[in-house]
Amino acid sequence: MPENQKRAVIYCRVSTQEQAQRDALAVQVEEAQNAVKSNEWVLVDQYIEMESGTTKHGRSEYMRLLDDIKDKNKFDIIVIKSLDRLNRSAKNWYLFVEELVNNDKLLYIYMDRAFYKTDDRLISGVKAILAEQYSRDLSSKINNAHEYRQKNGTTVLINNNTYGYVKNPDKSVSIHPEEAKMIRKIYRLAAQGCGSRTISKILYQDGIRNRNGNQLEESSIRRIIKNPLFKGVVVMNKRHFDFEKKKEIKNPESEWIYHQGLVPAIVEKELWEKANKMLKLSAAQVKGAGWQKKHRELYDFSGKLICGECGAPYYKTFRRQYANPEHVIVEWRCSSYLKHGRKKQEVAEGTNQSKEWGADEQKLRRGQITGCDNIHLKQEGLERMMRELSGQLFAWQDEENMIRRIIKILSEVLLTGETHLKKEEVEKNLMAVRNRKSRLLDLLLDNTISKQGYKSKQKELEQEEQRWTERLERMDVEEEKIRQTKERLVGIEQKLRADGCEKIQAGLLMQVMDHIRVFEDRLEIELNPVALPGVASVHGWIMQKPGALQKDYLQEYFIEVPTARYFADTRIIKKKKKESIPDILRKEPFLTNKELAKRLDVTFSTLRRWLADYKKKGQIYFDKTGGKGQWRVRE
Ligand SMILES: [Zn+2]
């Protein structure tokens, strides 16, 4: 073996999509071997994963590779098909790259015919941010389409597709018990402030499916909530068929006819109204007005918050502040709480609730399902926390510099199609061929060359002329593409400048944050440094201040934040509110529940729970004697 010849190993694994293809693994092995050969390396070992999967057992070849990387004398280069071969988890990828760098090994990706550059990570980070932006734009478009369809295409009369009811042979309508249960659940969750996405998730987790056996779509849920049918109101004359125009025309609302009692109600009117109010609220949130939208885009915690008490994910809810109904409060709550209420909640006998929860409620009583007492987290507090964190994590020294850097990276990625030859050179070559052609004709006319010789030479030159012409045309197309890309880059640059760095920081932070585990007294933020370009100190530019976050701190991959700093007040305030009730009622014994709830700025149900506690202990009772009755407080 020549002394300078590099030693290579190959690592092959079939991706999930490729599994369906025959001989995919064999093909990959051959391709990798060819890559080694064509680069004139020496193949010294092969790591071929026979089974796919992320379990340690399935990854034994990978583990062997990881061990062998540390061996200085074994190999210099690892050859793989693409980056996704190596690791599905970003954390493992980080560890892998560390090993690579520490042991002076190179990674060759034969699909790209290139060595893995540490820059790639930075690029993928920036790309992820932009991709995220694009997908967000896309999803808002999809949402609009849903809404448009809803506005334009629902029939209110019962047809066979209407959930909750069955049409009897005599054309009367009766309630479908199972589906009615589902509908009541939807309304209850909506009234609690869950958006349609959250409701869809909860139903799915509880094993509730649509009639096709699939997850209920968000649009179906919204349609159900908006349908007045479920409070027993049938709306007729909503639209008419215009024969002249040959299409259905919507009638003005003043012409709609409401029929009450034609169908049995599935939910109470109050619940229906509340659910619809909340639905509008969450729809407004999604569309987002003013600053709220801006902030929502900065930090979306969906899927990131996990309950430290019970392990369930946190879901987003909306509610209005009681004292100030204009103010919308976005709050994250443990999904166990949303589904089953508080942990030690006793469900009152004979109430609507106990009937509606059915089997769940019974399980609840048997202790098989428990709710959750963990704290709710206000979006406001989370955002405050994120802003402080990103200030600590990324200390951008120079915003302008960063924007230029990003654009430079993107240019390198997006403008790879630029040809090495300049257009003038191609034009020069074309001219030269044409000159040679005319000279050739001169030679023929001078009888310097034979007709035979002329023909074969001319054919050759014509072919060459053709090649240069085509090349020139291709370059024109290429040039146009590059022009468009450059235009896009200018757009991106403007966007970056307009949005400022906060957005990028936020994007990076959200990207690097695996999840947040919620405990009553603390949040444990688990980081995933791989997702963050530059953390491995390959690029100093993100971690401008080395002291901002210690490397060993990152190696632990988590940050602990005391909840008191951002959220603490709610519990203490609530406790104080509850304690103030006897005093208030002593002074104003004629307050209604509603007035009292408003005074305390708590929801009606919270107040009812507190009052029930006081009543149970016998501290407060409602004295009905003497007309309207009044509150009595026992000392
Ligand atoms: Zn929980």
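The values are calculated or read from the model by the stated rules, or taken from the named source; none is laboratory data. These figures come from a predicted structure and were not determined experimentally. Note: ideal-geometry Cβ built from the backbone for every residue, glycine included; neighbour counts use all protein chains shown. Quick note on the areas: whole protein, heavy atoms, side chains included, nothing else; ligands and nucleic acids left out. Shrake-Rupley method; radii C 1.70, N 1.55, O 1.52, S 1.80 Å.
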Worksheet item: Going by the structure shown, is Leu591 modelled with pLDDT of 80 or more, in a helix (DSSP H, G or I) and surrounded by 14 or more Cβ atoms within 10 Å (Cβ to Cβ)?
Response: no
Discussion item. Filter the range 84-120 down to the residues that are hydroxyl-bearing (Ser, Thr, Tyr) and either at pLDDT 70 or above or in contact with a strand residue (DSSP E or B) (Cβ under 7 Å, 6 or more places away or on another chain) (or both) and list them by number.
Written reply: Tyr108, Tyr110, Tyr116
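Say whether the condition of being within 16 Å of the ligand (Cβ to nearest atom) and at pLDDT 85 or above is met by at least one residue in the range 292-303. Talk me through it step by step, then tell me what you get.
Initially, the range 292-303 is screened for residues within 16 Å of the ligand (Cβ to nearest atom), giving 301, 303.
Okay, now just the ones that are also at pLDDT 85 or above, so 301.
Within the range 292-303 (the criterion being within 16 Å of the ligand (Cβ to nearest atom) and at pLDDT 85 or above), the answer is yes, since at least one residue qualifies.
When only residues in the range 62-83 that are among the charged types (D, E, K, R) and under 21 Å from Ala35 (Cα atoms) count, which is modelled with the lowest pLDDT?
Narrowing the range 62-83 to residues among the charged types (D, E, K, R): 64, 67-68, 70-72, 74, 76, 81.
Checking the rest, the ones that are also under 21 Å from Ala35 (Cα atoms) come to 68, 74, 76, 81.
Details: Asp68: 91, Lys74: 92, Asp76: 92, Lys81: 85.
Applying the filter and picking the extreme gives Lys81.
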Worksheet item: Within the set of pairs 6+ apart or on separate chains, which have a first residue in the range 305-316 that is farther than 9 Å from Ile516 by Cβ and hydroxyl-bearing (Ser, Thr, Tyr), a second that is in a strand (DSSP E or B) and more than 6 Å from the ligand (Cβ to nearest atom), and C-beta atoms under 7 Å apart?
Response: Tyr315/Cys194; Tyr315/Trp332; Tyr315/Arg333
Worksheet item: Quick check: anything in the range 608-619 in a loop (DSSP other than H, G, I, E, B), open to solvent by 80 Å² or more (accessible area, probe 1.4 Å) and modelled with pLDDT under 90?
Response: yes
Discussion item. Which count do you get for residues in the range 332-343 that are open to solvent by 10 Å² or more (accessible area, probe 1.4 Å) and either under 21 Å from Asp300 (Cα atoms) or more than 16 Å from the ligand (Cβ to nearest atom) (or both)?
Written reply: 3
Fill in: Residues (modelled with pLDDT of 70 or more and either more than 22 Å from the chain's Cα centre (by Cα) or farther than 15 Å from Asp300 by Cβ (or both)) located in the range 487-513
Glu487, Arg488, Leu489, Val490, Gly491, Ile492, Glu493, Gln494, Lys495, Leu496, Arg497, Ala498
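Tell me, yes or no, whether the range 163-182 has at least one residue that is surrounded by fewer than 16 Cβ atoms within 10 Å (Cβ to Cβ) and at pLDDT 85 or above. Break it down into steps so the answer makes sense when it comes.
Residues of the range 163-182 that are surrounded by fewer than 16 Cβ atoms within 10 Å (Cβ to Cβ), as a first pass: 166-172, 174, 177-178.
From the residues that got through so far, the ones that are at pLDDT 85 or above too are 177-178.
Checked against the condition, which is being surrounded by fewer than 16 Cβ atoms within 10 Å (Cβ to Cβ) and at pLDDT 85 or above, the range 163-182 yields at least one hit.
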